[in-house]
Amino acid sequence: VKLGMTLQTGGTDNHLMLLNVAPFGLTGRQAETAMSECGVTLNRNSLPFDPNGSWWTSGLRIGTPAVTTLGMGEAEMKEIARIIKIVLEASKPGMTDKGTVSKGKVVVDPAAAAEARAAVQKLLGKFVLYPELDLDFLKKHFVK
């Protein structure tokens, strides 16, 4: 909210938020795809009285349990919000094969995508999902 993004309820009292992506000129499906391309996993979600319906949607559902389980806190949540804003501001609707604006395709500015991916990797480097795994061993013995 402090970054100028619109949460459906203006905030949250629990671990779930619905972010309205219409102000970015995107559908929820486009926003979901753009975020995924940049290493952030979340899903599109319809908003109440959604003009885009339940398939394309106008929102993103953001939940915190996965990142809090890794040990992330308030500072990391602010960084995640910053990453989301970088990606959404740098995304625009793609075009269909017929030359019309697509509700599903999205184009993300490559420089912004690289910045977002680097920020995601930095966060995940600090909060490793399975710290007990020896990645070098696994790569050596299981990756061709």
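The values are calculated or read from the model by the stated rules, or taken from the named source; none is laboratory data. For clarity, every value in this text was computed on a predicted model and none was experimentally measured. As a convention, Cβ positions derive from the backbone with ideal geometry for all residues, glycine included, and neighbour counts pool all protein chains shown. Side chains included, ligands, DNA and RNA excluded: accessible areas come from the protein's heavy atoms. Shrake-Rupley method; radii C 1.70, N 1.55, O 1.52, S 1.80 Å.
Please count how many residues of region 113-144 are under 17 Å from residue 40 (Cβ atoms) and not β-branched (Val, Ile, Thr).
Residues meeting the conditions: 15.
Is there a residue being modelled with pLDDT under 95 and among the aliphatic types (A, V, I, L, M) anywhere in region 24-43?
Scanning region 24-43, I find at least one residue that is modelled with pLDDT under 95 and among the aliphatic types (A, V, I, L, M), so the answer is yes.
Can you find even one residue in region 74-91 that is at pLDDT 95 or above, open to solvent by 100 Å² or more (accessible area, probe 1.4 Å) and touching a strand residue (DSSP E or B) at 6+ places or on another chain (Cβ under 7 Å)?
no
From the list 63, 94, which residue is among the small types (Gly, Ala, Ser) and touching a His at 6+ places or on another chain (Cβ under 6 Å)?
On the way: 94 fails: touching a His at 6+ places or on another chain (Cβ under 6 Å).
Matching residue, one of 63, 94: 63.
Give the residue that is most open to solvent (accessible area, probe 1.4 Å), with candidates limited to residues of region 1-38 that are among the charged types (D, E, K, R) and more than 22 Å from residue 55 (Cα to Cα).
Here the answer is 2.
What number of residues within region 94-134 satisfy the criterion of being open to solvent by less than 100 Å² (accessible area, probe 1.4 Å) and over 30 Å from residue 27 (Cα atoms)?
Number of matching residues: 6.
Has region 116-123 got at least one residue that is at pLDDT 95 or above and within 18 Å of residue 21 (Cα to Cα)?
Yes, that holds for at least one residue.
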